[in-house]
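Report on one structure; see the data block that follows.
What follows is calculated from the coordinates using simple rules that are stated; it is not laboratory data. Remember, predicted model here, so these are calculated numbers, not experimental data. No Cβ is skipped: glycine too gets one built from the backbone with ideal geometry, and neighbour counts run over all protein chains shown.
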């Protein structure tokens, strides 16, 4: 979902030394009961407010173009170039200003399917057969890949805590 913080969260993980595979849109290779995620483009595009939240100053990163405010984080040193297995999907929800946020929880399968459908890329370009294949694929993704909902806090200063919560959840649930 646009504005949910995907790019900011990806940049925060990159700053922690994690390689980024993609910041926003991914391509899945269908391998039957498992899926591979193909690498995207080795950069993250960030709005100035995210740059300031992560690095202390809006001018820390160069602008993509002189006539647009978005900035560019080069990932050449923090980018994964080979496809990786899709181990889990973390869906970023709306930011909240409550004491529990940030937090991670399970996402109901029907809500998860609607979320995946709503966040596919080329829905307006598909005919009925393509849409049916996509629906079948997304159903198989849900049957084989855990889907978790992440609720970030509205305060950008809590982005490190958001990363901690995602890492702890992933390590606890999927790496024993």
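Residue 170 to residue 109: extension gain in nm, 0.36 nm per residue of separation minus the Cα-Cα distance? Spell out each step's value before the answer.
Details: separation 61, 0.36 × 61 = 21.96 nm, distance 1.82 nm.
Going from the current span to full extension adds 20.1 nm.
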**Message:** With a cut-off of 8 Å between alpha carbons and a minimum separation of six or more residues, what is the relative contact order of the range 68-176 in percent?
**Reply:** 45
**Complete:** Rounded to the nearest 10, the angle in degrees between the Cα long axis of helix 159-174 and the longest principal axis of the Cα atoms of the chain comes to 30
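Take 20, 25 and order them by how many other Cβ atoms sit within 10 Å, fewest up front. Walk me through the numbers before you get to the answer.
Values: 20 20, 25 12.
Listed from fewest to most nearby Cβ atoms, that is 25, 20.
Give the peptides 105-111, 128-134, 8-14 in descending order of average Cβ contacts within 10 Å, highest first. Don't skip to the end; give the middle numbers.
Details: 105-111: 13.3, 128-134: 11.6, 8-14: 21.7.
Descending packing order for the listed peptides: 8-14, 105-111, 128-134.
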**Message:** Can you give me the angle between helix 6-15 and the longest principal axis of the chain, using Cα atoms only, in degrees from 0 to 90, rounded to the nearest 10?
**Reply:** 60
**Message:** I'd like the orientation of helix 128-144 relative to the chain: the angle between its Cα long axis and the longest Cα principal axis, in ° from 0 to 90, rounded to 10.
**Reply:** 80
**Asked** By count of other Cβ within 10 Å, fewest leading, how are 34, 165 ordered?
**Response** 34, 165
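Considering only the chain, what is the antiparallel percent among its DSSP beta bridges, to the nearest 5? Each step should come with its number before you reach the end.
Numbers: 15 of 21 bridges.
Taking every DSSP beta bridge within the chain, about 70 percent pair in antiparallel fashion.
Once the piece of chain linking residue 25 and residue 76 is laid out straight, how much longer is it, given 0.36 nm per residue of separation minus the C-alpha distance between them? Can you show the working numbers first?
On the way: separation 51, 0.36 × 51 = 18.36 nm, distance 1.80 nm.
Separation in residues times 0.36 nm, less the Cα-Cα distance, equals 16.6 nm.
State, as an integer percentage, the relative contact order of the range 1-143 based on alpha-carbon contacts under 8 Å between residues 6 or more apart. Walk me through the numbers before you get to the answer.
Details: 158 pairs, mean separation 31.6, N = 143.
Once divided by the residue count of the range 1-143, the mean separation gives 22 percent.
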